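The values are calculated or read from the model by the stated rules, or taken from the named source; none is laboratory data. From a predicted model like this one, the values you see are computed outputs, not experimental measurements. Because the Cβ atoms are built from the backbone with ideal geometry, glycine has one as well, and the counts that use them run over all protein chains shown.
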Amino acid sequence: MQRVFITGASSGIGAALAQCYARQGAVLGLVARREQALEQLRAGLPGSARHRIYALDVTDHAALAAAAADFIGAAGGVDVVIANAGISQGTLTEHAEDLAVFERVIVTNVVAMVATFAPFIATLKAQAQSGNRGCRLVGIASVAGIRGLPGAGAYSASKAAVISYCESLRVELKKSGVKVVTVAPGYIDTPMTQINTYPMPFLMSVEKFAAAAIAAIDMGVGYTVIPWQMGIVAKLLRMLPNRVYDFVFSKAPHKARKAPEERT
């Protein structure tokens, strides 16, 4: 029976991952800010009584560490830690008031990922050394981190940082037996994307995404883009010369600056 800890669990990708893992019989630790939403999620999960919820903001590192310690104690360890919590909001550097938004995005999407992983690493290492081959740290990135998108400087920068951070951590932990998995979603049908007013190629249902992500996590894939079609697009974007990329994406629609704050 897997023991899985998920942040940003109350909706979207986090909730879909929780539902998929619960159907597989996992014991879950679910983190999000909204307690009522967490309660509703837990109530609808198979084996609801075995799951624990933690209503907290992931930027509260002390509360996050306390939740990690509680889950490890209650579940007798942990197998998979998924740092999924995040926010996305349009920003423009020329507007001074957007600096605070930029800081909030970086702190939530990047620093909180470090704070999510840190309390679990010693336990995961010990378990891996004892023969547990399923120990995973999972960072949810985005194809938006492949190249900078106009109007999304904060979000793109945060997800690029997530990709690089997880790569560093993957190398650091390689000999320990703990595998670090980076999952970069493309366009997934969640509340975050449902407000977008522009075309979203290869839009994927959140349920199909969750199943594909869990398969990649189980295999210990170091880095994957889901859906696979966006993986091809991501590779092509990396190869584009700056001059061509700048010309094409200068015409792309910008994410709205005043959109409501969203959590992944």
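Key figures
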read-out	value
Residue pairs meeting the criteria (Cβ under 6 Å; at least 6 apart or on separate chains; first in contact (Cβ under 8 Å) with a residue 40 or more places away in the chain and of a type in the set (Phe, Trp, Tyr), in segment 20-47; second surrounded by 13 or more Cβ atoms within 10 Å (Cβ to Cβ) and part of a strand (DSSP E or B))	Tyr21/Val4
Residue, farthest from the chain's Cα centre (by Cα), within segment 97-121, restricted to residues that are surrounded by fewer than 17 Cβ atoms within 10 Å (Cβ to Cβ) and either of a type in the set (Asp, Glu) or under 13 Å from Ala65 (Cα atoms) (or both)	Glu97
Near pairs, Cβ below 9 angstrom, 6+ apart or cross-chain, from segment 74-102 (at pLDDT below 95 and among the acidic types (Asp, Glu)) to any residue that is assigned to a loop (DSSP other than H, G, I, E, B) and surrounded by 19 or more Cβ atoms within 10 Å (Cβ to Cβ)	Asp98/Gln89; Asp98/Gly90
Tally of residues being acidic (Asp, Glu) and under 17 Å from Gly220 (Cβ atoms) across segment 165-189	2
Unique residue being of a type in the set (A, V, I, L, M, F, W, C), closer than 23 Å to Ala65 by Cα and surrounded by 16 or more Cβ atoms within 10 Å (Cβ to Cβ) when the list is Leu149, Leu124	Leu124
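Residues checked against (1) out of contact with any Leu (no Cβ under 7 Å at 6 or more places or on another chain); (2) closer than 17 Å to Val78 by Cα; (3) of a type in the set (Ser, Thr, Tyr):
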position: Ala96; (1), (2), (3): yes, no, no
position: Leu99; (1), (2), (3): yes, no, no
position: Phe102; (1), (2), (3): yes, no, no
position: Thr116; (1), (2), (3): no, yes, yes
position: Ile121; (1), (2), (3): yes, yes, no
position: Ser130; (1), (2), (3): yes, yes, yes
position: Gly148; (1), (2), (3): yes, no, no
